[in-house]
Amino acid sequence: MGTDIKNVGIGTRFIHAGAEPDPSTGAIMTPIFQTSTFVQEAPDVHKGYDYSRAGNPTRTALEKAYAGIENANYGLAFSSGLGATDAIIKLLSAGDEVIAGTDMYGGSYRLFSKVFERMGIKFQYVDQRNPYNIAKAISPRTKLIWVETPTNPLINIVDIAAVVAIAKPHNILVCVDNTFASPYLQNPLELGADIVMHSSTKYLGGHSDVVQGAIMINDEKLRDELYFLQKSCGAVPGPMDCFLVLRGIKTLHVRMQRHCENGRKVAEALRKNPKVGKVHWCGFEDHPGHEVAKKQMRDFGGMISIELKDESLEAAVEVMKKTKVFSLAESLGGVESLVNHPATMTHASIPREERIKNGLSDSLIRLSVGIEDAEDLIADLNQAIG
Ligand code: P1T
């Protein structure tokens, strides 16, 4: 169709990004090129593909779509969000330093602290809600600032433009894990970040049927370095998984609208429940990051964490055992609502002392509000909370 996807609305962009009819058949959907290799006419004479780790036409279509949905020049697809994160940290060398946040996905923390620390890369964890903490932590060896916003699971907000302003004079790269927001809500490259990373497993795929990761960048040199790492280290997704994410992206804006609507209704209902203590949701005007969220996000999303007034672990576990529409599972961002217990599930790899110091209590309950009928979701939570 040849749409100039930089100059159209967000829905048109999500539907048409990377989508070209198949040249040999006219198929509107990119076929699943389920092949490991490609026949060559003569050594190194081929149609642009030689081996599927280095490139595959279904992956190419998805990588173009990834670029399109973040308004980026380039996109790269990885076998998981952590596969993408792994490639980004491998841009660095032993002795280099990274400044990360105190609240982030437990698996990212595990990769940083248990794998890359061992290889000589140093990580400092600071409360990024106050960008001054980042400025204070910078050393001559700082090469990367790793930002997650909204954070997993406390829904803290980090001011991306403020972090970029601190990093630029020092030539420090800024990478934003944009998983919780999705490109519908937030586009960090437009705020000056150098790299955007997504766990596509979540909102981009949207149907809890695929594990995958994405990187979006504008700089060609950075793209070439990351492509080299993708090809050399091999964390690439298969063609079927690329097809599933391509399909998921086409409905991202419609799903996100409903996630946001439901998120608001569920958050407000939870605040009214007398047994609920804190409700962490960045759409509340009294959320400490609300003004920054309003500035850098289109809406506030469907990720919510709660703490009961009864702060015992037992009370939280009872609630998680009793929900019927919300399923107890890791992950988020799918059409179906999920409830998760960070302390024992997604964030179990963070030492308890660290976790508690940073505000992640044993009894925190995380909700990924899906796109079912809001009334059913509220009724389910209220019956489980009692
Ligand atoms: O699971 P994977 O596709 O490798 O993505 C890792 C990841 C990275 N960044 C954020 C913010 C994430 O939330 C995740 C994965 N998170 C979960 C599985 C979870 O339930 O929180």
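Specify whether the C-alpha gyration tensor of region 262-342 places it in the rounded, prolate or oblate class, a ≥ b ≥ c being the square roots of the eigenvalues: rounded for a/c under 1.5, otherwise prolate if a/b is larger than b/c and oblate if not. Note, shape of region 262-342 comes out oblate. Near the amide H of G101, under 5 Å away, which other amide H atoms are found, from residues 5 or more places off or on another chain, if H is placed in the peptide plane? Those qualifying (amide H under 5 Å, at least 5 residues apart or on another chain) are V126, E148. Computed from backbone phi, the HN-Hα couplings of region 141-154 come to 8, 5, 10, 8, 10, 9, 10, 10, 7, x, 7, 9, x, 8 Hz, rounded to whole numbers (Karplus: 6.51 cos²θ - 1.76 cosθ + 1.60, θ = phi - 60°; Gly and Pro given as x).
Taking Cα centre as origin and charging only the Cβ of basic (Lys, Arg, +1) and acidic (Asp, Glu, -1) residues, the dipole magnitude of the chain rounds to 320 debye.
Whole-Hz Karplus values for region 347-359 come out as 10, 5, 7, 8, x, 3, 4, 4, 4, 5, 4, 8, x Hz, taken residue by residue from phi with 6.51 cos²θ - 1.76 cosθ + 1.60 and θ = phi - 60°; glycine and proline positions read x. Comparing mean-square fluctuations of H170, H46, H198 from a GNM of the chain with C-alpha springs under 10 Å, the top value falls on H46. Cross-link partners among lysines for K278, C-alpha distance below 19 Å, same-chain residues fewer than 8 apart left out? Counting by Cα, and skipping residues close in sequence, K278 has these lysines nearby: K265, K309, K357. Within the listed set A27, A161, A84, the residue fluctuating most in the Gaussian network model of the chain (springs between alpha-carbon atoms under 10 angstrom) is A27. Positive end of the dipole of region 10-249 (Cβ unit charges, origin at the Cα centre): among G83, N156, G18, the Cα lying farthest that way belongs to N156. Neighbour counting of Cβ atoms within 10 Å sorts the residues V369, V98, V279, V325, fewest neighbours leading, into V325, V279, V98, V369.
Nearest-5 percent of antiparallel DSSP beta bridges in the chain? Approximately 55 percent, going by the DSSP bridge assignments.
Toward the positive end of the charge dipole of region 232-336, with +1 on the Cβ of Lys and Arg and -1 on the Cβ of Asp and Glu, the farthest Cα among A267, V317, G277 is that of A267.
Across q = 0.06 Å⁻¹, the chain modelled as identical point scatterers on its alpha-carbon atoms has Debye log10 I(q)/I(0) values of -0.23, in the order of the q list.
Sorting C242, C260 from the fewest to the most surrounding beta carbons within 10 angstrom yields C260, C242. Here the calculated FRET efficiency for K294 and K265, from their Cβ-Cβ distance with R0 = 22 Å, stands at 0.70, rounded to the nearest 0.05. The sum of -39500 (n - 2.57) across all DSSP H runs of n ≥ 4, divided by the residue count of the chain, sets its helix-only mean residue ellipticity at 222 nm to -10000 deg cm²/dmol.
For region 61-120 versus region 278-355, the inter-centroid distance based on Cα atoms is 23 Å. For region 193-210, putting each phi into the Karplus relation 6.51 cos²θ - 1.76 cosθ + 1.60 with θ = phi - 60° gives couplings of 5, 8, 9, 10, 10, 10, 7, 5, 3, 9, 5, 5, x, x, 10, 6, 10, 7 Hz, in residue order, rounded to whole numbers and with x for Gly and Pro. Summing Cβ point charges (Lys, Arg +1; Asp, Glu -1) relative to the Cα centre of region 1-106 gives a dipole of roughly 240 debye. Fewest neighbouring Cβ atoms within 10 Å first, the residues R355, R118, R53 line up as R118, R53, R355. Close amide H partners of H280, meaning residues 5 or more places away or on another chain with modelled amide H under 5 Å apart, are S305, I306, E307. Extending 7 Å from Cα along the Cβ direction at K321 and again at A165 yields two label points whose distance is 5.1 nm.
Considering only F123, Q186, T201, and ranking their Cα positions along the charge dipole of the chain that arises from unit charges at the beta-carbon of Lys, Arg, Asp and Glu, the one farthest toward the positive end is F123.
Laboratory data are not the source of any read-out in this text; all were calculated from the coordinates shown. Keep in mind that this is a model prediction, so the values were computed, not measured. Positions of Cβ are backbone-derived with ideal geometry, glycine not excepted, and every protein chain shown enters the neighbour counts.
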